[in-house]
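Working notes, structure below.
The values are calculated or read from the model by the stated rules, or taken from the named source; none is laboratory data. This structure is a prediction, so every number in the text was calculated from the model and none was measured. Cβ sites come from the backbone with ideal geometry, for glycine too, and all protein chains shown count toward neighbours. Note: areas computed on protein heavy atoms with side chains; ligands, DNA, RNA excluded. Shrake-Rupley method; radii C 1.70, N 1.55, O 1.52, S 1.80 Å.
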Amino acid sequence: MIRNSIAKYIGYPLQDLIKKTNILNTLALLRKSQYWSEDRINEYQLKKLKKIINYAKHNVPYYENLFKKNKLDSSDIKSLDDIDKVPILTKEIVRKENHNLVARNFNMKYVSIGKTGGTTGAPIFVYKDIQDRSFTWASYYRWVEWMGINYYDKFTTLWGSDVVLSDSLLKRFKFQFVHYIQNDIYFNSFKLNQSLYPNIYKKIVRYNPYLLKGYVSALIDFAKFLEKNNLEGIRPKVISTTSESLDLNSRKYLKKIFKAPIYDQYGSGEISGI
């Protein structure tokens, strides 16, 4: 329980402080808004739509020209259906307009840059500001709560990370420290093999995580190791799979080995977790 407290009162608040995000307050909003009536949700969405159109018209070069050309103003948005009055933004336009889609004089210091997967063509860069990342992570924490646990509970992650593979000793230490204070022990799935599994098994049993999450293939391989060696003792409350397709047989197998319900998550470079 000590690490739960460290994560809840130090690890996650520290994340907001250092990265200038507002995840925990956004989570509080999402906890309330998930119970709003449909009318209240529509009212909230319409207010946000008007606000973003008004902001874009006065601050974003591309939209200044677009709205002027189409004679569109926030006062023209009277219902959610009026979003159809805004011309669709395509990847081609994003590539062409580039920085014209960024608000004038916007502080880029705390903006992270990602890119699309490129499965439908050449990848494009995606800028994610503080508000975007706050909602992304708050939505993820809320989803963890939907599974019946807390975002600050003990997690074990089987995941691949280039940070662990190629970055400096200082960056790797920082990476591990963040996982520690956020109550997550992390095993790099890019480097997993049968010789490492016995030690990993002992660490996970000792840690006794609430949530075991990771790539489908990594979890399947680890489950096969446990089954082959008749090892028990890893009993998370829930399993979370991601990144790869979870077929019915894999779902049944993981549930049989870990005796826990399974929740499948999908994400993308454009909008993170879905």
**Request:** For segment 89-248, just say rounded, prolate or oblate: build the C-alpha gyration tensor, square-root its eigenvalues into a ≥ b ≥ c, call rounded for a/c under 1.5, and beyond that prolate if a/b exceeds b/c, oblate if not.
**Result:** prolate
**Request:** Calculate what fraction, in whole %, of the accessible area of segment 182-274 sits on carbon and sulfur atoms when a 1.4 Å probe is rolled over the protein chains.
**Result:** 51
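With the other protein chains left in place, how much accessible area per residue, in square angstrom, belongs to the chain at a 1.4 angstrom probe?
So the chain comes to 62 Å² accessible per residue, rounded to a whole number.
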**Request:** Could you pull out the pairs from Lys57/Lys91; Lys85/Lys109; Lys48/Lys69; Lys20/Lys51; Lys47/Lys109 whose alpha carbons sit more than 31 Å apart here?
**Result:** Lys85/Lys109
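Report the far tail of the P(r) of segment 159-274, meaning the percent of Cα-Cα pairs longer than 21 Å.
The answer is 40 percent, as a whole percent.
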**Asked** Could you give the distance between the Cα centres of segment 9-46 and segment 79-119, to the whole Å?
**Response** 23
**Request:** Could you tally the net charge around Asp264, taking each other residue with its Cβ under 15 Å from the Cβ of Asp264, Lys/Arg +1 and Asp/Glu -1?
**Result:** +2
**In order through segment 49-66: 3J(HN,Hα) via Karplus (6.51 cos²θ - 1.76 cosθ + 1.60), integer Hz, x for Gly, Pro** = 5, 4, 5, 6, 5, 5, 5, 4, 4, 9, 10, 10, x, 4, 6, 4, 5, 5
**Message:** Using amide H atoms built in the peptide plane, which far-off residues or other-chain residues are under 5 Å from Gly267 H to H?
**Reply:** Ser243, Ile274
**Message:** Ignoring ligands, DNA and RNA, please state the percent of accessible area on segment 24-72 from carbon and sulfur, probe 1.4 Å.
**Reply:** 52
**Fill in**
Percent antiparallel among DSSP beta bridges confined to segment 124-274, nearest 5, equals 10
**Fill in**
So the FRET efficiency between Leu196 and Leu14, C-beta based with R0 = 30 Å and rounded to 0.05, is 0.50
**Message:** Per residue of segment 69-85, what does 6.51 cos²θ - 1.76 cosθ + 1.60 with θ = phi - 60° give for ³J(HN,Hα)? Whole Hz please, x for Gly and Pro, Karplus curve as stated.
**Reply:** 5, 9, 6, 10, 9, 4, 5, 7, 8, 10, 8, 5, 5, 6, 4, 5, 6
**Complete:** Nearest 10, in degrees from 0 to 90: the angle of helix 130-146 to the longest Cα principal axis of the chain is 40
**Request:** Evaluate the Debye formula for segment 122-216 with equal point scatterers sitting on the alpha carbons, no solvent, and hand back log10 of I(q)/I(0) at q = 0.12, 0.18, 0.19, 0.23 Å⁻¹, in q order, two decimals.
**Result:** -0.50, -1.05, -1.14, -1.34
**Message:** Between helix 169-181 and the chain, what is the angle of the helix's C-alpha long axis to the longest principal axis, kept within 0 to 90° and rounded to the nearest 10?
**Reply:** 90
**Complete:** In the chain the DSSP beta bridges are antiparallel at a rate, in percent to nearest 5, of 25
**Request:** Rank these residues by their accessible area, most exposed first, probe 1.4 Å: Phe125, Phe190.
**Result:** Phe125, Phe190
**Fill in**
Here segment 7-14 yields Karplus 3J(HN,Hα) values (6.51, -1.76, 1.60; θ = phi - 60°; whole Hz; Gly and Pro given as x) of 5, 5, 9, 10, x, 6, x, 5
**Item:** Angle in degrees between helix 248-258 and the longest Cα principal axis of the chain, rounded to the nearest 10
**Value:** 50
**Asked** If the viscosity is 1.306 mPa s and the temperature 10 °C, what translational diffusion coefficient in µm²/s does Stokes-Einstein give for segment 1-106 when Rh comes from Kirkwood over Cα pairs?
**Response** 94
**Message:** Let me check I've understood the local charge: for Ser217, count other residues with C-beta under 12 angstrom from its C-beta, Lys and Arg +1, Asp and Glu -1. What total comes out?
**Reply:** -2
**Sorted largest first, extent of the chain alpha carbons per principal axis (Å)** = 70, 42, 39
**Prompt:** Within straight cross-link reach of Lys228, meaning Cα distance under 22 Å, which lysines are found once same-chain residues fewer than 8 apart are removed?
**Reply:** Lys191, Lys202, Lys203, Lys213, Lys252, Lys255, Lys256, Lys259
**Asked** Can you give me the relative contact order of the chain as a percent, contacts being Cα pairs under 8 Å and 6 or more apart?
**Response** 18
